1. Taking segment 93-114 only, how many residues are within 16 Å of ligand 1 (Cβ to nearest atom) and open to solvent by 50 Å² or more (accessible area, probe 1.4 Å)?
2. So which residues in segment 217-238 are crowded, with 18+ Cβ neighbours inside 10 Å and of a type in the set (Asp, Glu)?
3. Could we say that Asn89 is open to solvent by less than 30 Å² (accessible area, probe 1.4 Å), within 15 Å of ligand 2 (Cβ to nearest atom) and more than 21 Å from the chain's Cα centre (by Cα) here?
4. With the requirement that a residue be more than 18 Å from the chain's Cα centre (by Cα) and buried (at least 20 other Cβ atoms within 10 Å of the Cβ), what does segment 187-216 give you?
5. Against the condition modelled with pLDDT of 95 or more and open to solvent by less than 20 Å² (accessible area, probe 1.4 Å), how does Ile152 come out, does it pass?
6. Could you please find all residues in segment 275-310 being of a type in the set (S, T, N, Q), away from ligand 1 (no atom under 16 Å from the Cβ) and modelled with pLDDT of 95 or more?
7. Regarding Ala68, is this residue open to solvent by 20 Å² or more (accessible area, probe 1.4 Å), away from ligand 2 (no atom under 16 Å from the Cβ) and not in a loop (DSSP other than H, G, I, E, B)?
8. Scan segment 214-222 and tell me whether some residue there is among the β-branched types (Val, Ile, Thr) and closer than 30 Å to His63 by Cα.
Amino acid sequence: MDKKKYDYLIVGAGLFASTFAHEALKAGKKCLVIDKRDHAGGNIYCKNIEGINVHWYGAHIFHTNDKALWDYVNQFVEFNRYTNSPIANYKGELFNLPFNMNTFYRLWGTKTPEEAKKKIAEQIAPLNIAAPKNLEEQALKLVGTDIYEKLIKHYTEKQWGRKATELPAFIIKRLPVRFNYDNNYFNDKYQGIPIGGYNKIINGLLEGVDIRLNTDFFKDKAELENLADKIVFTGKIDEYFDYQFGELEYRSLRFETEVIDAENYQGNAVMNYTDAETSFTRIIEHKHFEFGMQPKTVITKEYPLIESKGVEPYYPVNDEHNMALFKKYQELADQQINVIFGGRLAEYKYYDMHQVLASALHKSKLELNVQ
Ligand code: FAD
Ligand code: UDP
């Protein structure tokens, strides 16, 4: 049999795919990376506008507790000391996020952890929530009714397009609740933004790897499959199997980006609009990620979107119905000896970047048989 041109055809040029390609190249393998978009990087891609690195698919802050992952990304780029501290805007009133003593003071005037805990406990007591069954119950149990009403319920229902009672509890546990005056959105030891943008990481990972952009795997499947011995697939797992059990749900977003002729628009990188009436969920002002001093500024409004075919799938909806469906696709995936499935879409997980990186390193080590 003829030897194929590549060892791996890697579908997608996002973080998972690029990491796998980098590790495979190091192990002496030949890879072809394809992406249907006109750029590499997947959702961490940055576009330079007015000298500002615009996070083209929404705000991305790298954070991890794992020193090995931190060292891995630092091979390709230096990180700054950015700490994510979003502001919540509820009908013109501003609150610090995540939920901490600053938030509680602004809401209730409480000054000590004891006072704040008492206030929350008073609100939780009548609710009698033992084991939270959904996001609403989980949020109420964590922070009480005032914060739930002003900062969680409407933001969540806008973002996910469904009732908070119909969403899994784990989603709200991504956010810390703190009884100190720390506005850091993450608890991780390492956090920052790559100086010069995320493309530096992707370019570093893909150095020496063959890439074809504007190439949809499903449009030229037969030809592409013929090029390599094995496939690494980072697109939608349900699409890979031709939606044979039905479609998995994803939440999508519409980004509206504009250049503003002002040096500083909102004084912070991220402002969440937590009321029901404002149709967008947040405004990102990109220059603040890198402490930019450019004369102009670029902002992006994020509008939630219900996905119908052809719209970008950004967030897997990991509720019971979808997880049962995913399990069926995963069983099929497990039978594919020549295909490796990885990343947010193929593993159907609400992964952050460090988790995608960890998964790609783990799966590439297993596959390439390296230590
Ligand atoms: P992706 O980046 O989605 O890459 C998949 C690639 O595959 C895409 O480029 C796609 O075009 C391509 N593709 C799909 N199907 C095909 C096909 N048929 N043919 C060819 N190509 C195909 N993480 C953090 O750590 N911190 C954050 O602050 C953060 N903020 C986020 C904000 C938003 C709005 C979103 C959506 C995500 C955020 N994330 C954040 C998560 C982060 O974006 C992901 O964890 C990571 O980028 C996923 O990488 P991936 O390689 O799995 O997938
Ligand atoms: N959330 C909220 N209010 C906020 C910010 C977040 O209720 O101001 C909830 C919302 O349900 C969201 C979840 O917390 O989906 C996780 O927030 P995160 O910032 O991690 O979401 P992402 O960055 O992935 O969009």
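The values are calculated or read from the model by the stated rules, or taken from the named source; none is laboratory data. Everything quoted here is computed from the prediction, not taken from an experiment. FYI the Cβ positions are ideal-geometry reconstructions off the backbone, even for glycines, and counts take in every protein chain you see. For accessibility, only protein heavy atoms count, side chains too; no ligands or nucleic acids. Shrake-Rupley method; radii C 1.70, N 1.55, O 1.52, S 1.80 Å.
1. Residues flagged as within 16 Å of ligand 1 (Cβ to nearest atom) and open to solvent by 50 Å² or more (accessible area, probe 1.4 Å) within segment 93-114 amount to 0.
2. Answer for segment 217-238, where residues must be crowded, with 18+ Cβ neighbours inside 10 Å and of a type in the set (Asp, Glu): just Asp238.
3. Considered against the rule, which asks whether it is open to solvent by less than 30 Å² (accessible area, probe 1.4 Å), within 15 Å of ligand 2 (Cβ to nearest atom) and more than 21 Å from the chain's Cα centre (by Cα), Asn89 comes out as yes.
4. Leu205, Leu206, Val209
5. Against the criterion (modelled with pLDDT of 95 or more and open to solvent by less than 20 Å² (accessible area, probe 1.4 Å)), Ile152 qualifies.
6. Answer for segment 275-310, where residues must be of a type in the set (S, T, N, Q), away from ligand 1 (no atom under 16 Å from the Cβ) and modelled with pLDDT of 95 or more: Thr278, Ser279, Gln294, Thr297.
7. Numbers: open to solvent by 20 Å² or more (accessible area, probe 1.4 Å): yes; away from ligand 2 (no atom under 16 Å from the Cβ): yes; not in a loop (DSSP other than H, G, I, E, B): yes.
Yes, satisfied.
8. Step one: of segment 214-222, the residues among the β-branched types (Val, Ile, Thr) are 215.
Those left that are additionally closer than 30 Å to His63 by Cα: none.
No: segment 214-222 contains no residue that is among the β-branched types (Val, Ile, Thr) and closer than 30 Å to His63 by Cα.
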